1. Which residue out of B:35, B:16 is away from every other protein chain (no Cβ under 14 Å) and part of a helix (DSSP H, G or I)?
2. Which of the residues that make up segment B:17-53 are over 18 Å from residue B:115 (Cα atoms) and of a type in the set (A, V, I, L, M)?
3. If a residue must be among the aliphatic types (A, V, I, L, M) and closer than 16 Å to residue A:275 by Cβ, how many such residues does segment A:392-428 contain?
4. Under the condition of being at the interface with another protein chain (Cβ under 9 Å from one of its Cβ atoms) and of a type in the set (A, V, I, L, M), which residue from segment B:131-175 is surrounded by the most Cβ atoms within 10 Å (Cβ to Cβ)?
5. Kindly provide the set of residues from segment A:336-352 that are within 13 Å of residue B:596 (Cβ to Cβ) and β-branched (Val, Ile, Thr), ordered by number.
6. Residues in segment A:259-271: is at least one crowded, with 24+ Cβ neighbours inside 10 Å, out of contact with any Asp or Glu (no Cβ under 6 Å at 6 or more places or on another chain), within 14 Å of chain B (Cβ to nearest Cβ) and part of a helix (DSSP H, G or I)?
7. Determine if segment A:85-102 includes at least one residue that is closer than 29 Å to residue A:233 by Cα, surrounded by 21 or more Cβ atoms within 10 Å (Cβ to Cβ) and polar (S, T, N, Q).
8. Tell me yes or no: at least one residue of segment B:55-63 is within 14 Å of chain A (Cβ to nearest Cβ), out of contact with any helix residue (DSSP H, G or I) (no Cβ under 6 Å at 6 or more places or on another chain), surrounded by fewer than 23 Cβ atoms within 10 Å (Cβ to Cβ) and outside any helix (DSSP H, G or I).
Amino acid sequence: MGILTLLIVLPLGALALLAMVPETWTRVFRWTTLGVTLVQLVVVLAGLLPVLMHPAAGESGFVLQEQADWITLDMGSAGLMKATWLLAVDGMGGLLILLTVLILPIAVISSFEITQSVKGYFLLFLLLDASLIGVFCALDFLLFYIFYELMLLPMFFLIGIWGGARREYASVKFFLYTLVGSVFMLLVMVGLMFSFTDPVATAAAGHPVHTLSMLDMMQTGPEGWPSNLISGSFFDAGRTLLGLNARLLAFLVLFIGFAIKIPAVPLHTWLPDAHVEAPTPVSVILAGILLKVGGYGMVRICMGLFPEGMIVYSPWIAGAGILAIVYGAMVSMAQQDYKRLVAYSSVSHMGYVLLGLGALQVTGLTGAVYQLFTHGITSAMLFILVGVLYVRVHDRHLPNFSGLWDLMPRYAFFTLVGFFASMGLPGLCSFVSELLVFMGVLGSSIPLGWILVALSGIVWSAVYFLRAFRQLFFGTFDAGHTSTWRPLLTDLTLREYVMLVPLAVLAVGLGVWPGPVLDMIDDSLAHMLHQSLTTGHRFLSAPIP
Amino acid sequence: MPWTISLIWGIILMPALGGTISLVSGKSSVRVGSAALLVALGITLGLAMAAVSLMWAGGQVQVAAAWMPDLIAGDLSLRVGFRLDLLAACMAVLVALIALLVTRYSEVYMKGDARYSSYFAYLGFFVSAMLTIVFAGDLLTLFAGWEWVGLCSYLLIGFWRNKTAAAHAAPKAFIVNRVGDAFFLAGIILAVWRSGTTDMASLLGQGQPLAFWPGLLLICGAVGKSAQFPLQVWLPDAMAGPTPVSALLHAATMVAAGVYMAARLSPVLPAEVLTVLAVIGGITALSAALMALAQTDIKRILAYSTLSQLGLMMMGIGAGVPEASVFHLFTHAFFKAGLFLVAGIIIHTLQEADTTGNLDAQDIRQMGGLRRVMPWTWRLTLLMGLSLAGMPLFSGFLSKDGILLGIVAHALQSGGIWYGLVVAAFVTTGLTGLYISRWAGYIFGGAPRSEAAAHAHDARGAMAMPVWVLGIGSIWGWFSLNPLALSEGWVSHVLGHASLHVQEWVHVAVPMVSAGLAGAGLILGWRLYGGGRQAGPVTRRWMYLDFWYEKYLAVLALSVARLVYRIDTWIVDGFVRVLSGVIVRNEGPSLAHAAAFTDMYGVDGLVNGVAKLTGRVGRWVRTLQTGRIQQYIGWSVLVILALTGWYCWTYWETIWGY
């Protein structure tokens, strides 16, 4: 069994075992889940990273490839359809798997707070774990689609059952929103399947064998033309649907699906509701990992399979990024709810990912992917910080707090690290990604004026974070209506240290020394971008039949 | 030379190390909290001096490491590193020396504070961040130090976090600085794209200047950090921090970083940008000097004075004499830090002497007559005040002279707007004399105006020593043997000497005019405010000049000053406040609220609306499914009738043959 399969099977196996354990053994659920996530972490650190770090990781960068026959369907006159258990990672996928296994143990530790229906909670958690790993390494479109949908299911219940007062509303909203994207993805998948053949299997069988392997779909000939694209098929150049270019249409609907996930303004309103209602660990996973699936999909699927869409729409994508940065920050400034503020700051920060993608340039793309990683670290930290306060007094209304520095100095310290890491202070992680994104856009053809608007984002982030910091920590602790809180507001506990210290260390480490991580991703991203641009321009210049 | 590299690292890291020890050990022993930093800064000072002697012969040592892999096949290398040359070493000595003095002073000033050791920790971190700027060998390291001093400044301004003023001033300082930083970052990136490297030496070595926009954007960073127009609004508010912090950060070092950076980069700045910089400096110098006249807070006057002097330095850089500006930065660091420490001593002693409990120890109108009870403080103030005013025999004279000469020389060459800047510079010089003697007159002159002022006393020991050093450091002899002109000495060796092509009379006239104006300002200010009287009955001495002063000149100057101050508070800072009000505020409508409202009712409303609509349509459609055959037939008949009607209407002509 390969490493990637192991990473997916491990939580599923634990799930099967735990399903047989009686409900009352809460400790078993907690510690087993923690153990599983820690084993995953060790496997990734010891097995996956050395391979990816190795300079011989290969130009195209896909390593640890595993392929097994899965579904072969005879579609009569249309030929054979073949879906396989195809897993592999390149720098980007590996980085996001690393992020997943870093965040998950912390989320498990945070889940120790959960006391209601512990068994169900941890079983769903393990299912979510498996699907998150799967989504970042599945390279068969059907397999990707299944993992992508499978993520929704545990998330829906985790918010809907263990959430706050308006949990049903939030979970249904989350589910419907993301489902909209999925439906279109299904249609595009069918179209793709009929348009591509598996070269090896076709040669062996002597008649067309349709494939769902993204590796086959991305394979290009000498001039950048996809080698396995069936000429005249649904996604051949120049084919139209409802009078629109079919490929561009496919790009758009996929992109919108991922834009909901990331989320981009104006498709973001599920996020604050989901975050506010979700329990802390679910928020951590949602902001730390789940949003990254959107960015990952944009690069891997939108750019990888329909590269000319990226070229055509890149100014719009960059524009959407700028809108998200400024708009998210504006809305964040108006928030009085701590968690909602952090949620909207995520909208703003994911705008940098869109902006970096829209630059269509390797530095910007590297920055965008690095931002996926660093935002995973900082947002996880911020949501845990919110949780620290909420678990003590069950309130998140910022004006109700003041002068907490005197009561909780250690908490103030970690908040300071989290806030400044998030607003991109040099030496902390977000600075690297913001620097690379802005280097990318300033090296592209986007007008300087627009970039300055986007740059204002680093001022706005200082405004809302420092404002929240002042409300929470400056001033004197009000002994009036909150006097009953004084005994409750104690400084960090050991369990909270265990969650916050690794995140703070990562936030500093990734900011001071980004080299290794960037080394891991930049070759494969440069290769991917180069190939996509070649193919994209080839499609754009193709004669229309 | 690997050990030179260790030397740089030692200088930069030592204060942070001291700060960390303060932070860690402070809980167990208060004494260790400050002693650790003192020792660390002493070592830093020693190392910096060693660096000076090493680099005395010239040359530079560079150390750089790739910060991240070369992107785009090595076209662009992002490197971080340090550069040691004579100027940087001298700057390090200055920073370490003043930091050492301020730390020693703070030991007394902060005594009894509940968070005594964290104060020294922040101070240590600040010095390290500042030294990072000083030794930055590339733009990224510079930017990192740039933002770290901002963070330390935020923590130190907000040190007394229970005070409302501090709680608001700290974020304001950081955010306004960040506005400059955002532009600065854009400028850095544009410069990097052009030269393919972040390395400052190779950027400067390319010879030809940058384009207008990158140059202007780079300058914005200096404008923010050095609190130049229109980003000056944060500095006066920053006075909410402890006074030694104002002396170190907001007079001597951090705000000077903008000048240092602009001076270092000035060879690659295009002429238009330099002119913009000079105009910004001129506006700041003049308006801040006027505003200093309208203040009554002992520290705010000095804050505006700092703005004004920094503006003067910016004008010097714009005029092409960056070495004069850096020299003024050096001398200014001494006398301005000293004046702030004097203010601290006064505030401290007044607070001690106050028995009523409702004295505003920072209001100069409550003081007066301190000359008699604090004779040594008065004498030292005199040294530093005269140096600030730019009187001969003091260091300020020498350095200000260089800047003014540079501006005049540039004006004679370029003309145009530069003549206006010459006027601004000289008026500023006169106003400097006026406001500082007003400041000193209110505090030291006349009779005590409060009970506490009568019982104030000189500081002793650890609090007095730094002021002595700084006061004596304001005398000419440390910088030049000739008190009236900068002679060949260490200053010109370190900074280089600009050769100005002007006639001999300019060299004579400029210092005479500036000293004359400053002297007139000093005398006027002392006569108006040194007598310890509020604008009382006209004394008919001095050929009725007092009458003229009070009736017209002073009234005019004061009303202009009040006007400018009002403009500053209402328009410039007002703009900031309105902007922040428009964008975000707690109650009432604002842009952020509008965005939030749009989000809740517009975007999310649309989503919920669609959801509701779907539900309604669903419910309505459900009502059609009643299961009653009669109703279905009825609907069918209706539809058939409607279709027939539509058909007849459309094909009316065909059917009826018209």
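The values are calculated or read from the model by the stated rules, or taken from the named source; none is laboratory data. Note that the coordinates shown come from a computational prediction; the quantities given were computed from them, not determined experimentally. For neighbour counting, all protein chains shown are included, and Cβ atoms are generated from backbone atoms with ideal geometry for every residue, glycine included.
1. On the way: B:16 fails: away from every other protein chain (no Cβ under 14 Å).
Every option except B:35 fails the conditions.
2. From segment B:17-53, those over 18 Å from residue B:115 (Cα atoms) are B:17, B:39-53; that's our starting set.
Within segment B:17-53, B:17, B:39, B:40, B:41, B:43, B:45, B:47, B:48, B:49, B:50, B:51, B:52 meet the criteria.
3. Of the residues in segment A:392-428, the ones among the aliphatic types (A, V, I, L, M) are A:393, A:398, A:404, A:407-408, A:412, A:416-417, A:421, A:423, A:425, A:428.
Filter once more, so that each one left must be closer than 16 Å to residue A:275 by Cβ: A:398.
Looking only at that region, the number is 1.
4. The qualifying residue surrounded by the most Cβ atoms within 10 Å (Cβ to Cβ) is B:170.
5. A:347
6. Within segment A:259-271, one or more residues are crowded, with 24+ Cβ neighbours inside 10 Å, out of contact with any Asp or Glu (no Cβ under 6 Å at 6 or more places or on another chain), within 14 Å of chain B (Cβ to nearest Cβ) and part of a helix (DSSP H, G or I).
7. No - not one qualifying residue is present in segment A:85-102.
8. Quick first cut of segment B:55-63, residues within 14 Å of chain A (Cβ to nearest Cβ) only: none.
No, segment B:55-63 contains no residue that is within 14 Å of chain A (Cβ to nearest Cβ), out of contact with any helix residue (DSSP H, G or I) (no Cβ under 6 Å at 6 or more places or on another chain), surrounded by fewer than 23 Cβ atoms within 10 Å (Cβ to Cβ) and outside any helix (DSSP H, G or I).
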